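What follows is a single structure, written as structure tokens, with notes after it.
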Amino acid sequence: MKMVALSLKICVRHCNVVKTMQFEPSTAVYDACRVIRERVPEAQTGQASDYGLFLSDEDPRKGIWLEAGRTLDYYMLRNGDILEYKKKQRPQKIRMLDGSVKTVMVDDSKTVGELLVTICSRIGITNYEEYSLIQETIEEKKEEGTGTLKKDRTLLRDERKMEKLKAKLHTDDDLNWLDHSRTFREQGVDENETLLLRRKFFYSDQNVDSRDPVQLNLLYVQARDDILNGSHPVSFEKACEFGGFQAQIQFGPHVEHKHKPGFLDLKEFLPKEYIKQRGAEKRIFQEHKNCGEMSEIEAKVKYVKLARSLRTYGVSFFLVK
């Protein structure tokens, strides 16, 4: 018995040409794409592998890409349904922690987990499984409302209190991490948006060294930000030691007549609670001087190693409801 043909409207998206075509419901999506390319001259641009069939919905999050290996009847299509024949690739802007932005072409039909492999390899990061993406707009609003560690020294020594304070403070719940099992579109990520690429899991830290400057720089920036914003609470002495390495990284070796109190913008070098502490800048420059002729890369390695020695390093804090 012959199956009843399925009559579908095929819209070739880049030129908005619509053709009505008949398909057997058991046709594989891959074969349907091939037939469209053969029969519709407007569909013959570009590489066949870059194109696919998209079933749109009024809510852009609910539109779906038809999987090449599935059959048309799997999607319960009805006569007269419209399928868009269009390119799967789209540009996505990705911001690194150091502020630089790269535009990467991504496959709109793939999940975030699959795309991170592509994104990280374009940028030169090998341990892609440790990275994730954050929708920045939401994060920035939350950033404004984070608390800060008070100056009370006893708090820093009292671990239980510190952990409680930390939970109130800067947890990974604040960040709008994307779900690795869903696509950008399903999560409402627009192609005009910029996503933040950030390290979420810490597996291979011990392997990072000066031979991998891209990874080292990302580690350094993340560790520095976490120390300055209070995610890693540190003593005043430690904070100045970090400040000294940071001065070496930013300004090179210490120059006596140039690097003296009044030179630094302390809020960029110390956590909030130590900015007004007497002699803080002098102390940072003493640590800076101790770095001698250390290169920028060596100073970053030292900074990251010192950060690793903190109890809170590599621990992401989530509030447990």
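Within the set Lys19/Lys110; Lys200/Lys289; Lys102/Lys300; Lys102/Lys260; Lys110/Lys267; Lys102/Lys238, which residue pairs have Cα atoms separated by over 30 Å? Provide the component values of the computation, followed by the final result.
Details: Lys19/Lys110 27 Å; Lys200/Lys289 34 Å; Lys102/Lys300 23 Å; Lys102/Lys260 37 Å; Lys110/Lys267 41 Å; Lys102/Lys238 34 Å.
Those over the limit are Lys200/Lys289; Lys102/Lys260; Lys110/Lys267; Lys102/Lys238.
What is the distance, in nm, between label points placed 7 Å from the Cα along the Cα-to-Cβ direction at Gln22 and at Asn79?
Distance between the two pseudo-spin positions: 1.1 nm.
Using 0.36 nm times the number of residues separating Phe251 and Glu296, minus their current alpha carbon distance, what extension gain do you get?
Details: separation 45, 0.36 × 45 = 16.20 nm, distance 0.89 nm.
Going from the current span to full extension adds 15.3 nm.
By accessible area of protein heavy atoms, probe 1.4 Å, what ranking do Asp107, Asp212, Asp57 get, highest first?
Numbers: Asp107 20, Asp212 50, Asp57 75 Å².
Accessible-area ranking of Asp107, Asp212, Asp57, largest first: Asp57, Asp212, Asp107.
Rg to Rh ratio, region 6-87, alpha-carbon atoms and Kirkwood radius? Before the final figure, lay out the partial values.
Numbers: Rg = 11.6 Å, Rh = 12.6 Å.
That ratio equals 0.92.
How many percent of Cα pairs in region 208-309 exceed 20 Å? All intermediate terms of the calculation are to be shown ahead of the outcome.
Working: 1688 of 5151 pairs.
Cα-Cα pairs in region 208-309 separated by more than 20 Å: 33 percent.
Can you give me the Cα centroid spacing of region 50-73 and region 205-284 in angstrom?
49
Based on the Kirkwood radius over alpha-carbon pairs, what value in µm²/s does the Stokes-Einstein equation return for the translational diffusion coefficient of region 1-146 at 37 °C and 0.692 mPa s?
Details: Rh = 17.7 Å.
Answer, rounded: 186 µm²/s.
State the extension gain, in nm to one decimal, for the chain segment bounded by Lys289 and His14, taking 0.36 nm per residue of separation less the distance between their alpha-carbons.
Working: separation 275, 0.36 × 275 = 99.00 nm, distance 6.09 nm.
Full extension of this stretch gives 92.9 nm more.
The values are calculated or read from the model by the stated rules, or taken from the named source; none is laboratory data. These numbers were taken from a predicted model, which means no experiment stands behind them. Cβ atoms come from the backbone with ideal geometry, glycine included; neighbour counts cover every protein chain shown. The accessibility values were calculated without ligands, DNA or RNA, using every heavy atom of the protein model including side chains. Shrake-Rupley method; radii C 1.70, N 1.55, O 1.52, S 1.80 Å.
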